[in-house]
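Only one structure is covered here, and it is reproduced in the block below.
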Amino acid sequence: MHNIIVYCENEEGKIADVSLELLTKGRSLASQLGCKLDALLIGSKLKGMEEELYAYGVNSAFMADDLRLSPYRTLPHAAIAIGLFREEQPQIALFGATSIGRDLAPRISSALQSGLTADCTSLEIGAHNLLYQIRPAFGGNIIATIVNPDHRPQMATVREGVMKKEALPMPVAGKLTLLDPNKYLRDTDFVVSIIERHIEERTLNIKGAPIIVAGGYGVGSKEKFDLLFDLAKVLGAEVGATRAAVDAGFADPARQIGQTGVTVRPKLYIACGISGQIQHTAGMDQSALVISINTDPKAPINRIADYVIEGDLNEVIPKMIRAYKQNTR
């Protein structure tokens with residue numbers, strides 16, 4: 001058991017951000033373990049994409065390029081990954097916790113009888129060079145550290161945005177290995193045919209927003225969340241929410257920030273009526289600047305905030321909007 005392999009999702013010539021984040025983390029893990037970092041690309045028209053992988057420290061890029069392999073289908077992708085993993089015997093295999101990763105990784109894990117930890121928020125090398133797979137459990141009320149001492153590869157899916165993607169200043173001199181898909185595929189892997197695809201553009205991009213106005217349960221109601229949208233509109237920001245606010249119906253689930261939602265790193269994070277429990281702060285504590293608006297001076301969020309405005313958000317936010325408009329005329 002030796003290398004680390006990252007399954008790299010791709011669509012129309014672009015590698016998914018979560019895969020680049022995993023390569024960045026995999027590079028660090030490989031350095032600690034003294035092993036190599038490999039990547040697996042499956043799809044069609046992949047030529048040239050290996051260069052981007054080398055920029056993220058990939059030593060070996062395994063590429064299965066075939067028109068039949070795009071768009072993604074479970075059985076052919078799983079067959080190739082399972083076959084490669086049996087040959088290469090990686091000690092760690094990482095996948096994004098996306099719709100594809102959540103579909104593919106369990107099938108591979110089952111075939112290899114290796115075990116799988118889903119929706120990790122952190123990965124570390126611990127005692128005996130085991131992979132510590134860290135994730136929230138029991139509805140985010142505790143943080144669980146899971147290890148797999150007996151089976152390989154140690155497999156995990158990781159949420160998008162919880163890790164940074166950082167290319168190297170200079171790409172490594174990686175090796176490209178072209179896989180023959182026919183070596184792994186059978187006719188029965190193509191029993192599912194894709195007749196039509198309908199792709200909707202994402203209208204909400206909290207992860208990439210430079211400014212976020214977020215609300216918690218303390219906002220009070222869905223109607224009062226309109227104040228946050230008013231401020232966000234003025235600032236050119238996105239609106240986020242805590243899990244408590246989402247559970248209460250104040251905001252859409254797509255806006256949830258935290259361990260059970262999206263991880264963000266904006267330049268400015270304005271926390272409105274947020275107490276600051278660990279389940280939420282773990283998803284935003286790397287924001288460049290945090291402003292807390294809260295009636296409770298002892299709220300935990302205030303300990304990580306750069307500025308604290310003690311007061312009722314129903315009074316504070318309209319004043320902020322007026323002040324901003326006056327100073328940007």
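Taking a point 7 Å out from the Cα of HIS128 in the direction of its Cβ, the residues of region 47-90 whose backbone N falls within less than 19 Å of it are 90.
Inter-label distance, ASP306 to LEU67: 5.3 nm, where each label sits 7 Å from its Cα along the C-beta direction. The eigenvalues of the Cα gyration tensor, multiplied by 5 and square-rooted, give region 130-251 an equivalent ellipsoid with semi-axes of 39, 23, 20 Å from largest to smallest. Kirkwood hydrodynamic radius computed over the chain comes to 21.5 Å, based on all pairs of distinct alpha carbons. Straight-line reach only, C-alpha to C-alpha below 21 angstrom: list the lysines that LYS14 could link to, leaving out same-chain residues fewer than 8 apart. Partners found: LYS25, LYS45, LYS47, LYS164, LYS165, LYS175, LYS207. Beta bridges assigned by DSSP with both partners in region 211-328 are antiparallel in approximately 0 percent of cases. Give the separation of the Cα centroids, region 240-270 to region 191-222, in Å. Using only Cα atoms, the two centres lie 11 Å from each other. Other residues with beta-carbon under 10 Å from the beta-carbon of VAL234 carry, at +1 per Lys or Arg and -1 per Asp or Glu, a net charge of +2.
Taking 1.002 mPa s as the viscosity and 20 °C as the temperature, the Stokes-Einstein diffusion coefficient of region 245-328 based on its alpha-carbon Kirkwood radius rounds to 158 µm²/s. With R₀ fixed at 35 Å, the C-beta to C-beta distance from HIS2 to ASP247 puts the FRET efficiency at about 0.20.
Rounded to the nearest 20, the size of the Cβ-charge dipole of the chain about its Cα centre is 420 debye, with Lys and Arg at +1 and Asp and Glu at -1. Relative to the dominant Cα principal axis of the chain, helix 74-88 is inclined by about 70°. Across the chain, the longest piece that holds none of the GluC sites (Glu not before Pro) lying in DSSP loops with up to 12 other C-beta atoms within 10 Å covers 13-195. Ordered from highest to lowest accessible area with the whole protein assembly present and a 1.4 Å probe, ILE291, ILE212 read as ILE291, ILE212. The residue among TYR54, LEU185, LEU41 whose Cα reaches farthest toward the positive pole of the charge dipole of the chain, with charges on the beta-carbon of Lys, Arg, Asp and Glu, is TYR54. The trypsin sites (Lys or Arg not before Pro) of region 203-302 that meet both conditions, a loop assignment by DSSP and at most 15 other Cβ atoms within 10 Å of the site Cβ, are LYS222, LYS267, LYS298.
Each listed q (0.12 Å⁻¹) maps to a log10 I(q)/I(0) for region 4-190 from the Debye sum over equal C-alpha point scatterers, namely -0.52.
The values are calculated or read from the model by the stated rules, or taken from the named source; none is laboratory data. Because the structure is predicted, anything quoted here is derived from the model rather than measured. Positions of Cβ are generated from backbone atoms using ideal geometry, with glycine treated the same way; all protein chains shown enter the neighbour counts. Just so you know, the surface numbers come from the protein's heavy atoms only, side chains and all, with ligands and any DNA or RNA stripped out. Shrake-Rupley method; radii C 1.70, N 1.55, O 1.52, S 1.80 Å.
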